[in-house]
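Just so it is clear, none of the values below were taken in a lab; they were calculated from the coordinates. No experiment lies behind these values; they were computed from the predicted model shown. Counting neighbours? That spans all protein chains shown, and the Cβs are built from the backbone with ideal geometry, glycine included.
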Amino acid sequence: MIRLRSLSTLTAVLLAAGSNLEAQTTAYVGGSIWDGTGASIIRNATMVVEDGRITAVSPSAEIPAGTEIVFLEGKVLIPGLINTHGHVSGLWAAEDVVDEQDRIRGDLELFAKYGVTTVNSLGDGLAVIEARKSSSPLDPRARLLSAGAVIAGNTPEAARNQAIANADAGVDWLKLRVDDNLGSSRKMPWDAVQAVMNVGNERGLQVATHLFYLEDAKRLIDMGTGMIAHSVRDTDVDQEFIDSLLESGICYVPTLTREVSTYIYGTRPGFFDDEFFTEYANESEIERLSEPAYMERTLASASGAAYRVALVQAMENMVILQDAGAPVTFGTDAGPAGRFPGYFEHMELALMVGGGLTPTQALLAATSVAASCLGLDDIGTLEPGKWADFIVLDEDPTRDITYTQLIDQVYVAGQPIRTKTEG
Ligand SMILES: [Zn+2]
């Protein structure tokens, strides 16, 4: 056992030291692989990775001569998690990191440490679009997609102009909000929503929509939204909604942890003592959230109490839709203050299962289903041709979803991002 461990650590050290990745072939040998396709686990598997991409996965894959071998006996490999609704703003980098692009890379490194190997940034500024455009598939951090800033125009002209500006800047998605924030603000007018949908059609861009109410969700599907980016939280989804969601084929993203973040800091949350959290958590943010005045305000917050109720509704709707065969996918809305990138993704998985999904359903939502929602065909599963984005776990998460937190290693394009420190 010691021998195997030291070998895999040595491999990590060699790669981290900058050995030539261009001609690198590595075989990951002896672990079990849950490949994200829905197939059962492959025991004693070999996965061969060449230049960042998977070339073979099977119990009997041939290992080319000269291949570096990483022994993973007793471990379980799963595809990296794909967050279809996250935020990347540079908020989480260390204080001494000044450059905006460096800060954004810091956020993406943090996501990746937790096995979140792709993030769709649904509503952040121009700098994130720049980071997206300058990124490479071999970057040792989470892959990035971006919608640019949320389109908030209150007239068709303003909305159209902002959507065009985002499209010109090179976004992957457009994003808008139809929400009155529990009755406290004015919703985006429907003619402005339509103007954004029109730009989406003209420019070949899908429009992800933030919403709260069932009736708005139905209307947005009718108007051609490409993603329901939050749960329906006012009432049970009905057959009409289920039918139109199924017919549209678009994804439904629960973002359960968004709700949690509105009330959980009313008292000191238990996860502040969880080593899996504290290992990479931003200490100044923990301090801010732990201030007595902040906690008192949160505890007394009417919106926090309302979103706590909304969370229960969101979980019920998630299960109704999953049972109806709709593509419930994985997204957290993590990244803004109070929503810790990486850790919240594991909390989301646990909530999805707590709400009634099986661990396998939650894992599929976060891997192959998420990839297809984002229109990405080279990630999401561990199959030949895909990028080698994967997590090495100590236990099988299809048996207990909290085992996703037992991270031994994370790889992006075959490069080690996180390795368990050996004592
Ligand atoms: Zn969001």
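Per-residue Karplus couplings for segment 180-190, computed as 6.51 cos²θ - 1.76 cosθ + 1.60 with θ equal to phi - 60°, are listed in order as 9, 6, 6, x, 9, 8, 8, 6, 4, x, 5 Hz, Gly and Pro entered as x. Axis of helix 239-248 versus longest Cα principal axis of the chain: the two differ by about 60°, to the nearest ten degrees.
For the pair Asn44 and Asp102, label points projected 7 Å from Cα toward Cβ lie 5.0 nm apart. Near Trp173, the amide H atoms lying under 5 Å from its own belong to Ser146, Ala147; only residues 5 or more places off or on other chains count, and H is placed 1.01 Å from N.
Given the rule -39500 (n - 2.57) for each run of at least 4 DSSP H residues, summed and divided by the residues of the chain, what is its mean residue ellipticity at 222 nm, to the nearest 500 deg cm²/dmol? Helix contribution divided over all residues of the chain: -11500 deg cm²/dmol. Subtracting the Cα-Cα distance of Asp238 and Ala324 from 0.36 nm times their residue separation leaves 29.9 nm of extension gain. Where a Cα-Cα gap under 24 Å defines reach, which lysines qualify for Lys187, not counting those fewer than 8 residues away within the same chain? Hits, sequence-local ones excluded: Lys175, Lys218.
Averaging Cα coordinates gives a centre for segment 129-147 and one for segment 365-403; these two points are 19 Å apart.
Neighbour counts of other C-beta atoms within 10 Å: give me Arg418, Arg43 arranged from fewest to most.
Arg43, Arg418
Given R₀ = 45 Å, what would the calculated FRET efficiency be for Ala305 paired with Ser58, taking r from the Cβ atoms and rounding to 0.05? Between Ala305 and Ser58 the formula returns 0.30.
Debye calculation, C-alpha points only, no solvent: report log10 I(q)/I(0) for the chain at q = 0.14 Å⁻¹, in the same order as the q values. Once normalised to I(0) and log-transformed, intensities are -1.30.
Cross-link reach is defined here as a Cα-Cα straight distance under 23 Å, omitting same-chain residues fewer than 8 places apart; for Lys113 the lysines meeting it are Lys75, Lys133, Lys386, Lys420.
Give me Glu383, Glu73 ranked fewest to most by other Cβ atoms within 10 Å of their Cβ, as a rough exposure proxy.
Fewest to most other Cβ atoms nearby, the residues stand as Glu73, Glu383.
Net length available on complete extension from Thr37 to Leu246 is 73.2 nm, with 0.36 nm assigned per residue and the Cα-Cα distance removed.
Taking the centroid of alpha carbons for each part, segment 62-92 and segment 203-281 are 26 Å apart.
For helix 100-113, what angle does its Cα long axis make with the longest principal axis of the chain, in degrees from 0 to 90 and rounded to 10? The helix 100-113 is inclined about 60 degrees to the chain.
The 3J(HN,Hα) values that the Karplus relation (6.51, -1.76, 1.60; θ = phi - 60°) gives for segment 131-142 are, in residue order, 4, 4, 5, 8, 7, 10, x, 9, 4, x, 6, 4 Hz. Gly and Pro appear as x. Think of each Lys and Arg Cβ as +1 and each Asp and Glu Cβ as -1; about the Cα centre, that makes the dipole of segment 81-373 roughly 380 debye.
Helix 302-323 and the long axis of the chain differ in direction by around 60°, with both axes built from C-alpha atoms.
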